[in-house]
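One structure below.
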Ligand code: CA
């Protein structure tokens, strides 16, 4: 009903000068014509402009795809996220270029690698004066908003409206900073962020397409559930992952020297109680895993409910049809895999991001894609749908052809990764690497010089480092050449790596 009214209102609306100019820009960038239009073109221009889709970008924080039932989770159900997969496209191979919170967010906003956008680690402030996709959308006539977790230290730029959690935010009775003004709210963070988004959608100006970044704190550490889900899973035991007892025997020292182990590094604060007296070794590890994973999944359950609430709103108002809905997380996460929590490593569970995209006009329901796509590609995709040409310095590629079900021409068959935050709390060593459709080569550096190679087809759990196996000598050679090619393509180098390392050590000494 609301949507019908809106359409009628739009049809009756007189064409303002601003609409006209905006329409010209949209049509020109869509390649409709190259000269100024005649009056007869105006109707056509307005049609093009009206068709520009809305964008709802939903991002969770640390939500691993193996805690989503549409990705085959063995430990929980996410019916609302599954709805997006059923009605849109599920990406099986979406990866981040640097698996840690702030850096991934900066990559998403800029469509550029960390070494270009400047956010290499969680200690660096995002330079908000640089080009971002929300700025480009705003300039092209989109109404833009960010609500929820921001985590980039500087104030958001390129948004008509912003209401963000300061820093990491809190789960219960959280404070928000709305356009620079801080206020505390009663309630649970995931519910509140969703309420704010729905309110913003209700009150927005109806003469513009919009881009809403709906960004959750959940399910980030320390995993405080809401009341509704506090007792979920209470009487059941959650299965442990296959690699729970990885002994790192074939790996470099990086895997054993990290500080994100379930057994050693989950604290009584994380677990909300002290371990029972006398528990040690494997028994303690098992106990800690149950405490950790249950809270993680309870927080995910509320996230799933709330995404459902927002999807219901889009359906009820008729917005769903012309709105692209993205669901992703800033990176993956270890859910006891390899005995860990947290992320950072280039191993699959944290490298992989969930990605679901729904847009009824162009995406076949229930489709699944296996191409190697990256968080780097999100910005170019949004620009493409908005009819804005991709700036030459953006490093990702639009996913639009893939979303339409076509094989994109010359799509990448390998991806480049670089992680920088070391030494730091979780002590995951600096490394970079390349992953192609079958293999992954990683190089750990700084206080170590170690290579690892995994054959993902024979060893999907990455338990068997075959770098020194002579049978893989040719593979190593090929992947090193590919790594070199990718580093050159994206403008990364040993010199830059050295420079960043020196700056980091100076800052943290
Ligand atoms: Ca994160």
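Since every read-out is calculated from the coordinates, none of them should be taken as a lab result. Quick caveat: nothing in here was measured; it's all calculated off a predicted structure. Backbone-built Cβ (ideal geometry, glycine too); neighbour counts: all protein chains shown.
Modelled spin labels at residue 195 and residue 127, positioned 7 Å past Cα toward Cβ, are 4.0 nm from each other. With contacts taken as Cα pairs under 8 Å and at least 6 residues apart, the chain reaches a relative contact order of 22 percent. Against the main long axis of the alpha-carbon atoms of the chain, helix 42-51 sits at an angle near 30°.
Per-peptide packing, taken as the mean over residues of other Cβ atoms within 10 Å, places 496-502, 160-166 in the sequence 160-166, 496-502 from highest down. Counting only the Cα atoms, the chain fills a convex hull of 158 Å³ per residue. Packing, as the average of other Cβ atoms within 10 Å across residues, places the peptides 279-292, 55-68, 383-396 in the order 55-68, 383-396, 279-292, highest first. The slack between residue 290 and residue 498, meaning 0.36 nm per residue of separation minus the straight C-alpha distance, is 70.8 nm.
If you take the square roots of the eigenvalues of the alpha-carbon gyration tensor of segment 208-247 and sort them as a ≥ b ≥ c, do you get rounded (a/c under 1.5), prolate (a/b over b/c) or oblate? Verdict is oblate for segment 208-247.
Compared with the direct C-alpha span, the chain from residue 364 to residue 463 gains 32.0 nm at full extension, assuming 0.36 nm per residue.
Note on segment 112-218: antiparallel DSSP beta bridges, both residues inside, total approximately 40 percent of the bridges counted. Relative contact order for segment 149-303: what is it in percent, counting Cα pairs under 8 Å that are at least 6 residues apart? Normalised by residue count, the contact order of segment 149-303 is 22 percent. Largest first, the three principal axis extents of the alpha carbons in segment 406-494 are 43, 31, 23 Å in whole numbers.
The distance between label points at residue 170 and residue 408 comes to 4.2 nm (points 7 Å beyond Cα on the Cα→Cβ vector).
Remark: the residue 392-residue 207 segment gains 63.6 nm on full extension, using 0.36 nm per residue and subtracting the alpha carbon distance. To the nearest 0.05, how large is the calculated FRET efficiency for residue 447 and residue 484 if R₀ is 25 Å and r is the Cβ-Cβ distance? The formula returns an efficiency of 0.60 here. Projecting label points 7 angstrom from Cα along Cα→Cβ for residue 186 and residue 77 puts them 3.3 nm apart.
Using Cα centres only, tell me the gap between segment 374-430 and segment 446-482 in whole Å. Spelled out, the Cα-based centre of one part sits 24 Å from the other. To check you understand DSSP bridge types, tell me what percent of the beta bridges within the chain (both residues inside) are antiparallel, rounded to 5. Roughly 55 percent of the DSSP beta bridges within the chain come out antiparallel.
Packing-based ranking of 125-136, 338-349, 362-373, 204-215 yields 338-349, 204-215, 125-136, 362-373, ordered from highest to lowest mean Cβ neighbour count within 10 Å. Taking the C-alpha atoms only, the angle from helix 17-29 to the longest principal axis of the chain is near 60 degrees.
Between the helical axis of 189-203 and the longest alpha-carbon principal axis of the chain there is an angle of about 10 degrees.
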